[in-house]
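The values are calculated or read from the model by the stated rules, or taken from the named source; none is laboratory data. Owing to the predicted nature of the structure, the values given are computational and were not obtained by experimental measurement. Heads up, the Cβs are rebuilt from the backbone with ideal geometry, glycines too, and the neighbour counts pull from every protein chain shown. Each accessible area value is taken on the protein alone, full model and side chains, heavy atoms only, with ligands, DNA and RNA left out. Shrake-Rupley method; radii C 1.70, N 1.55, O 1.52, S 1.80 Å.
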Amino acid sequence: MFGKYILVFFISMVPLIELRGALPYSQAFGLPLVPSYIVAIIGNMLPVPIIYLFARKVLEWGKDKPYIGKFFTFCLEKGEKGGQKLKEKAGRGLFVALLLFVGVPLPGTGAWTGTLAASLLDMDFKSSVIAVMLGVLLAGIIMGVASAGVFGAIGALFA
């Protein structure tokens, strides 16, 4: 069982999959929901400070490199453009907007993307991490309820 928790931990660290994929995995293999939720949150939040502190610097460093430059420039421009739109619409509610962006479990709206957006928007570190953490908690609750319900219903059909 310990190995399955380790897998939940590492799945929750993968960009785009994150906690949204780790919790359904844990439920599909019959792991208890609360410990899986805790492990997935820890795994999902572990890369956040590193992303905040270094992703923008890496993208700026790589934007003029031969093979990766176009992609890195695209990421910077898209992130800055999207971030400015979010900032204009959210106004002073940028913290809540970031929380909801991360918290709604849709593809491409997880902790990795939210943290990169916060970095590109020059949000301060503390409020960015707190907003992302609250968003991850919200996404975990949504995915936990959905996973338990879906897999519980499937189990009831075949039991």
Practice task
May I ask you to rank Val58, Val136, Val34 by accessible area, largest first, using a 1.4 Å probe over the protein chains only?
Solution key: Val34, Val58, Val136
Problem - Prolate/oblate/rounded call for segment 14-105, Cα gyration tensor, a/c under 1.5 rounded - result: oblate
Fill in the blank from the handout: In a Gaussian network model of the chain with springs linking alpha carbons closer than 10 Å, the residue among Pro32, Pro49, Pro24 that fluctuates most is Pro32
Handout entry: Spatially close lysines, pair count over the chain: Cα under 15 Å, gap of eight or more or interchain
Key = 5
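Taking all protein chains together and a probe of 1.4 Å, list Arg20, Arg92, Arg56 from the most accessible to the least accessible.
Arg92, Arg56, Arg20
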Exercise for the section: Taking just the C-alpha trace of the chain, give me its Rg and Dmax in Å. Expected result: 17.2, 58
Completion exercise
Under the 7 Å Cα-to-Cβ spin-label approximation, Lys65 and Ile142 lie apart by a distance in nanometres of 3.4 nm
Handout entry: Kyte-Doolittle at least -1.0, axis length at least 27 Å by Cα - qualifying DSSP helices, the chain
Key = 69-90, 125-158
Practice task
Could you calculate, for segment 18-67, the ratio of the Cα radius of gyration to the Kirkwood radius, expressed as Rg to Rh?
Solution key: 1.26
Practice task
Report the relative contact order of the chain, percent, no decimals, based on alpha-carbon pairs under 8 angstrom and at least 6 residues apart.
Solution key: 27 percent
Exercise for the section: Could you check how much of the accessible area of the chain is carbon and sulfur, as a whole percent, using a 1.4 Å probe? Expected result: 75 percent
Problem - In Å², nearest 10: area of Glu88 left accessible to a 1.4 Å probe - result: 140 Å²
Completion exercise
Contour minus Cα-Cα span, Leu106 to Leu53, at 0.36 nm per residue, comes to 16.6 nm
